[in-house]
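The values are calculated or read from the model by the stated rules, or taken from the named source; none is laboratory data. Quick caveat: nothing in here was measured; it's all calculated off a predicted structure. Virtual Cβ from ideal backbone geometry, glycine too; neighbours counted across all protein chains shown. Ligands, DNA and RNA are stripped out before the accessible areas are found, and what is left, the full protein with its side chains, is counted by its heavy atoms. Shrake-Rupley method; radii C 1.70, N 1.55, O 1.52, S 1.80 Å.
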Amino acid sequence: MSYQVPKFRHPELPVNELGYTRADYEGAISTLCAGCGHDSISGSIVRACHELSIEPHKIAKLSGIGCSSKAPTYFLGKSHGFNSVHGRMPSVATGAAMANRDLLYLGVSGDGDTASIGMGQFTHAIRRNLNMVYIVMNNGCYGLTKGQDSATADEGSASKKGDPNPFGAIDLPGLALQLGATFVARSFSGDKGQLVPLIKAGMTHRGFALIDVVSPCVTFNNNDASTKSYEFVREHAEATGTVDFVPMREEITTSYEPGHSQEVTMHDGSVLHLHKLAEDLDPFDRASAMLALERHRAAGSILTGLIYMDKDSRDLHEVLDTSRRPLNGLGEEDLCPGNKVLQNINHSLR
Ligand SMILES: Cc1ncc(C[n+]2csc(CCOP(=O)(O)OP(=O)(O)O)c2C)c(N)n1
Ligand code: SF4
Ligand SMILES: [Mg+2]
């Protein structure tokens, strides 16, 4: 069996500003189970990168271990990639970002990879406001190791062969808000219309952008008793509003109903339009976002969409004043301050 995608493409496929078709952002043929939510998320990532006209070699995709962490093989085949150790993706992302701030860092993780073994790593990447997009493909189970409940499985939810889960779920957006995250969103793998603009906004945000995506595991956790099944999520998802992302280069042609939309200019000049926001949520107010999450959780619904964004986010580069040039481009003259400066430093310490 070949996992290579056939090279032939119709000559008239639409191209983006760089002249690339969507196929230029695809990867190998997926080996995940047919119908797995993770494949739909990969499709949304491909679409977002194509529509944003990002040079594939300007992206670094990083992951841990799990079916979700395998997914980067199936998109952005021309980008940099690092499939790390279970739960350790944030450390690798931190090191890479500190060495080269010119790339767009796209982390892909699972609920097991993030909310159990990788919890410590995840929390510190948020606390430092590392400039990256962090997508959790959240199926409430360990898909790769045959469907055990994960820490994001809801209390009472049961997988295909399992008993009802006796423990409460860790809510990743809620945790991220509490830790000071500057961009928090939740979506559903089956809702590309919502997910694609959220990914684009996350990619344009300066700082840590968490997108928790409910992504059903069709093999182990898509049954009637599961709260991470396609049917349950479709019936219980409640959007904060609709999101529309207009890249900096494009003219804004749509008009928006006043009073029902808010416009946010992103760091690069792109514009994010939020329409018909839920009445109980101000996505620019952390306390309001926390309350809205809690209210929806208590009511048994899943709040999706943009939950919170800090428009004045200061990312780790800004806080640490890191080198604007990638470290591998620095020469001796940049790194060695010279004898005179060293003498002065030594003198000042005597
Ligand atoms: C250090 C270590 N511990 C345990 C494992 C076994 N293991 C592999 S994947 C996985 C969990 C995957 O779950 P998740 O991150 O939710 O990904 P999914 O497969 O559900 O997409 C575990 C426990 C491992 N590979 N490495
Ligand atoms: S086991 Fe579940 S998570 Fe893994 S590929 Fe299959 S459907 Fe997807
Ligand atoms: Mg999982």
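What is the antiparallel percent of DSSP beta bridges lying wholly in the chain, to the nearest 5? Could you put the intermediate results ahead of the total?
On the way: 17 of 47 bridges.
Looking only at bridges with both residues in the chain, the antiparallel portion is about 35 percent.
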Helix axis angle, 89-99 relative to the chain longest principal axis, alpha carbon, degrees: 30
Assuming a ≥ b ≥ c are the square roots of the Cα gyration tensor eigenvalues, decide whether the stretch 135-184 counts as rounded (a/c under 1.5), prolate (otherwise, with a/b larger than b/c) or oblate. oblate
Once the convex hull of the C-alpha atoms of the stretch 1-113 is built, how many Å³ does it hold per residue, rounded to a whole number? 108
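Hey, could you get me the Stokes-Einstein D for the stretch 268-350, Kirkwood radius over alpha-carbon pairs, 10 °C and 1.306 mPa s, rounded to whole µm² s⁻¹? Intermediate results must be reported in sequence, preceding the final value.
Working: Rh = 17.9 Å.
Once the numbers are plugged in, D ends up at 89 µm²/s.
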Of Val264, Gly207, Val218, whose Cα points farthest to the positive end of the dipole of the stretch 196-324 (charges on the beta-carbon: +1 Lys, Arg; -1 Asp, Glu; origin at the Cα centre)? Val218
Fluctuation leader among Val264, Val46, Val246 - the chain, Gaussian network, Cα springs under 10 angstrom: Val264
Residue with peak Gaussian network fluctuation, the chain [Cα springs, cutoff 10 Å], from Asn129, Asn83, Asn16: Asn16
Modelled label-to-label distance, Lys146 and Asp321, 7 Å Cα→beta-carbon offset: nm? 5.6
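Where in the chain is the longest stretch that carries no GluC sites (Glu not before Pro) classed as loop by DSSP and with at most 13 other Cβ atoms within 10 Å? Before the final figure, lay out the partial values.
Numbers: sites that count: Glu12, Glu17, Glu155, Glu250, Glu251, Glu279.
The segment 18-154 is the longest one with no such site.
What pairs in Lys61/Lys200; Lys146/Lys192; Lys160/Lys228; Lys7/Lys78; Lys70/Lys192 have C-alpha atoms more than 18 Å from each other?
Working: Lys61/Lys200 15 Å; Lys146/Lys192 27 Å; Lys160/Lys228 11 Å; Lys7/Lys78 14 Å; Lys70/Lys192 20 Å.
Long pairs (Cα-Cα over 18 Å): Lys146/Lys192; Lys70/Lys192.
Scanning the chain for chymotrypsin sites (Phe, Trp or Tyr not before Pro) in DSSP loops with at most 12 other Cβ atoms within 10 Å, what's the longest stretch left with none? Don't jump to the answer; show the numbers that get you there.
Details: sites that count: Tyr3, Phe8, Phe167.
Formally, the longest exposed-site-free interval is 168-350.
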Do me a favour and compute the ellipsoid semi-axes for the stretch 22-332 from its Cα gyration tensor, root of five times each eigenvalue, largest one first, whole Å. 28, 24, 19
Please report, as a whole percent, how much of the solvent-accessible surface of the stretch 22-332 comes from carbon and sulfur atoms (probe radius 1.4 Å). 50
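Using R₀ = 22 Å, calculate the FRET efficiency as 1/(1 + (r/R₀)^6) where r is the Cβ-Cβ separation of Gln178 and Asp312; round to 0.05. Walk me through the numbers before you get to the answer.
On the way: r = 19 Å, r/R0 = 0.86.
Approximately 0.70, to the nearest 0.05.
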How far is it, in nm, from the label point at Ser348 to the one at Lys161 when both lie 7 Å from their Cα along the line to the Cβ? 6.5
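Rounded to the nearest 20 debye, what is the charge dipole size of the stretch 22-332 about its Cα centre when +1 sits on each Lys and Arg Cβ and -1 on each Asp and Glu Cβ?
Dipole of the stretch 22-332, to the nearest 20 debye: 900 debye.
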Distance in nm between label sites at Gln262 and Glu12, each 7 Å beyond Cα in the beta-carbon direction? 4.4
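How would the stretch 67-219 be classified by its alpha-carbon gyration tensor: rounded, prolate or oblate, with rounded meaning a/c under 1.5 and the a/b versus b/c comparison settling the rest?
Details: a/c = 1.63, a/b = 1.52, b/c = 1.07.
Prolate, since a/c reaches 1.5 and a/b exceeds b/c.
Send over a whole-number figure in Å² for the accessible area per residue of the chain, probe 1.4 Å. Mind showing how you got there, number by number?
Numbers: 16970 Å² over 350 residues.
I get 48 Å² per residue for the chain.
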